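I have placed the structure first, in the form of C-alpha cells, so that the comments after it can refer back to it.
Derivation of every value follows stated rules applied to the coordinates shown; laboratory data play no part. Predicted, not measured: the structure shown is a model, and the values here were computed from it. Note: ideal-geometry Cβ built from the backbone for every residue, glycine included; neighbour counts use all protein chains shown.
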Amino acid sequence: MNIEVRDVEDEEVDDVFEICSHGRLEDPIQRLGIELKRRWMLEMLDAYGPTAKMAYLDHRPVAQILFYPEEAVPYVENPRRDAVILNCIYNPFPEARGKGCGTLLVRSLIEECSRGLRSLRGRPCSFSRTSIHHGGGGLRGGVLQLKGV
C-alpha cells in the first residue's frame, strides 16, 4: 500500500472529480457542475497556485482536501491576508478509509501552512476557518482542530 499526497496542479484537476463526483460522473447536471468547478479551480490555480491536495492510494485518487485564501472569496469583507478557508476533506471510498489518507492530507496542509503556503504567495498561514457539513458520502461530521496553524 502506497499513499502519495500531491498538490492539485493543472494536470490533476480532473482527479478531483473522481473524488467529489464519484458515482455521478455521467449525470448531466453533475457534468455542468464539474465544468463550473473545473473553470473555478483553473482560475484559482492561475491566480493563487494550488488550492487542493489529493491523496493517491496505489496511484488511484481516493481523497482530497480543498482550501483557498480568504482573500479569494469576493463576499468576505476585510479578508485576512494570512487566512485560509478549509472547505472540504473527503474520501468517498470505504476501501480507502482508515488507511491514513486523510491524516496525511491534513498533515501536509498544516506543514505547508507553517512554512509558507503557495496559495498565500509563500506567506505562512496564521488562521484557518472551516465549517462542518455532511456531504452525503456516509461520513460523520466532527470538529477539526488544526494545531500549529
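Please list, in chain and number order, the residues 5+ apart from A52 or on another chain whose amide H is under 5 Å from its amide H, with Hs placed from the backbone. It is V8, F67, by chain and number.
Between the entries (1) 11.2; (2) 9.0; (3) 13.0, the label attached to mean projected area of the Cα convex hull in nm² calculated for this structure is (2). With a/c under 1.5 counting as rounded, go ahead and sort the stretch 69-113 into rounded, prolate or oblate using the C-alpha gyration tensor (a ≥ b ≥ c being the square roots of the eigenvalues; past the cut-off, prolate if a/b is larger than b/c, else oblate). Here the stretch 69-113 falls in the oblate category.
Rounded to the nearest 0.05, what FRET efficiency do V76 and E26 give with R0 = 30 Å and r taken as the Cβ-Cβ distance? Could you check? All intermediate terms of the calculation are to be shown ahead of the outcome.
Numbers: r = 35 Å, r/R0 = 1.17.
According to the calculation, E is roughly 0.30.
Each Lys and Arg Cβ is given +1 and each Asp and Glu Cβ -1; about its Cα centre, the chain then shows a dipole of about 660 debye.
Peptides 89-101, 43-55: what's the order by average Cβ count within 10 Å, highest mean first?
43-55, 89-101
Counting 0.36 nm for each residue step from E18 to D46 and taking away their Cα separation leaves a gain of 7.9 nm.
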